[in-house]
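Right, one structure below, let's go through it.
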Amino acid sequence: MQIRFVTKLALSMAASLLVQPRPARSADAPVRLAPHRVVYDLTLLSSRGTRGVESARGRIVFDLTGNACEGYNLKFRQVMVVEGSESGSKTSDFRTAHFESGDGRLFRFRSDNTTGEGAKTSVDGNAERRPGGLTLRLRVPKRQSLSLDNEAVFPNTQMRDLITAGREGRKLVPMKVYDGSDDGQKVYETLGVVGDRLAPKPEDEFEEAARKSELTKLARWPVTLSYFTQARGDQSPVYVLSFELYENGISRALKLDYGDFALRGEMVRLDLLPDSRTCPR
């Protein structure tokens with residue numbers, strides 16, 4: 001996923017004694033993101049402050065297809081119900097679809113956010129990374145062309161860089177990311193922290209959806225991503241995402257921290273989709 005969402009979890013010492021971790025692949029080997037459809041159930045993990053959230057539940061559906069030759073298509077939906085003693089019950093339904101070229105140069109996106117009160121906001125446009133900077137053309141909410149930070153990358157590029165960092169043993173991955181979210185005009189400063197490669201553990205210690213041979217043989221790392229707004233003077237993140245990241249781009253054990261409250265995301269379904277082996281990249 002890319003896309004903005006993340007996590008971390010525990011290891012099994014017994015498994016590490018039985019099966020020694022294989023060496024990570026060379027950083028020169030291409031990072032291949034696996035086409036897949038995954039569903040996460042969201043539950044309240046923690047709540048902070050005097051006006052804390054009393055309950056929260058929801059679901060994320062993440063659908064990635066394509067490859068580095070044809071480009072990647074992502075469909076993402078997050079539905080959430082949050083309840084508090086003072087704020088009452090609030091429902092949100094966020095949907096986004098985007099395409100990113102395999103070389104990370106082109107990005108097309110559409111997102112719609114609907115609240116329980118019926119209010120809906122939408123963003124639609126495309127962006128292109130050029131030598132002189134990132135060029136943005138919005139169609140919704142209004143037609144306009146902008147130039148943004150020339151160091152910004154798109155979400156799939158960010159995901160591949162995090163995997164590469166895990167292979168190389170790099171712990172910190174600072175990056176500017178553009179994903180078309182909010183009003184479509186923001187570039188986020190992000191800081192990725194990639195932990196040591198996680199040791200294998202018994203299959204029954206994973207949720208059922210993650211008990212696939214295609215996953216258990218892969219390297220995986222704990223990752224935490226903090227998102228910052230460029231214009232803010234303080235250094236408090238807007239939100240923090242954590243997860244275990246597999247070498248093929250699939251994530252499990254999500255944690256979404258919004259500051260006032262945090263959600264846990266458990267993988268409840270994973271479908272591995274057909275992969276085009278004709279792409280050499």
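The values are calculated or read from the model by the stated rules, or taken from the named source; none is laboratory data. Here the structure is a predicted model, which means the values were calculated and not measured. Positions of Cβ are generated from backbone atoms using ideal geometry, with glycine treated the same way; all protein chains shown enter the neighbour counts. Calculation scope for accessible area: heavy atoms of the full protein, side chains included, ligands and nucleic acids excluded. Shrake-Rupley method; radii C 1.70, N 1.55, O 1.52, S 1.80 Å.
Quick notes on this one:
- Relative compactness, region 29-113, computed as alpha-carbon Rg over 2.2 N^0.38 Å: 1.44
- The local environment of Glu70, defined by Cβ-Cβ distances under 12 Å, has a net charge of -2 under the rule Lys, Arg +1 and Asp, Glu -1.
- The chain pair-distance distribution - Cα-Cα, 5 Å bins, rounded %: 1, 5, 11, 15, 19, 18, 13, 9, 5, 2, 1, 0
- Test item: Cα-centred dipole of the chain, Lys/Arg +1 and Asp/Glu -1 on Cβ, debye: 580 debye
- Among the GluC sites (Glu not before Pro) within region 67-142, those in coil by DSSP and having at most 12 neighbouring Cβ atoms inside 10 Å are Glu86, Glu117.
- Subtracting the Cα-Cα distance of Ser46 and Glu168 from 0.36 nm times their residue separation leaves 40.6 nm of extension gain.
- Between Tyr239 and Tyr227, the built amide H atoms are under 5 Å apart, and every one of these is 5 or more places off in sequence or on another chain.
- For Ile250, distant residues with modelled amide H under 5 Å away: Ala34
- Over region 61-197, the pair-distance histogram of Cα-Cα distances with 10 Å bins from zero comes to 11, 34, 34, 17, 4, 0 percent, rounded to whole numbers.
- Per principal axis, descending, Cα span of region 164-245 in whole Å: 45, 26, 19
- Accessible area of region 162-248 belonging to carbon and sulfur atoms, whole % at 1.4 Å probe: 48 percent
- Based on C-alpha pairs under 8 angstrom that are at least 6 apart in sequence, region 167-223 has a relative contact order of 33 percent.
- Computed label-point distance, nm, for sites Ser145 and Ser89 using a 7 Å Cα→Cβ extension: 4.8 nm
- Each Cα pair under 8 Å and six or more residues apart adds its separation to the average, and for the chain the resulting relative contact order is 25 percent.
- Value in Å of the Kirkwood radius, where region 117-164 supplies the Cα pairs that are averaged: 12.6 Å
- Under 17 Å from Lys212, Cα to Cα: lysines that are on another chain or at least 8 residues apart: Lys201
- Note that the chain presents 50 Å² accessible area per residue, ligands and nucleic acids not counted, probe 1.4 Å.
- Database remark: amide H of Arg220 closer than 5 angstrom to the amide H of Leu198 (H placed geometrically; neighbours at sequence offset of 5 or more, or on other chains; Pro and chain starts carry no H).
- Greater than 22 Å apart at Cα, pairs in Lys75/Lys217; Lys142/Lys255; Lys90/Lys120; Lys75/Lys120: Lys75/Lys217; Lys142/Lys255
- 3J(HN,Hα) from dihedral phi, region 135-141, Karplus parametrisation 6.51/-1.76/1.60, rounded to Hz, x for glycine, proline: 9, 10, 10, 9, 10, 9, x
- Derived scalar couplings between HN and Hα for region 35-46 equal x, 6, 10, 9, 10, 10, 8, 9, 9, 6, 9, 7 Hz in order, rounded to whole Hz, by the Karplus curve 6.51 cos²θ - 1.76 cosθ + 1.60 (θ = phi - 60°), x for Gly and Pro.
- The convex hull around the C-alpha trace of region 210-277, projected and averaged over every direction, spans 6.6 square nanometres.
- Euclidean distance of C-alpha centroids, region 191-211 and region 28-76, integer Å: 16 Å
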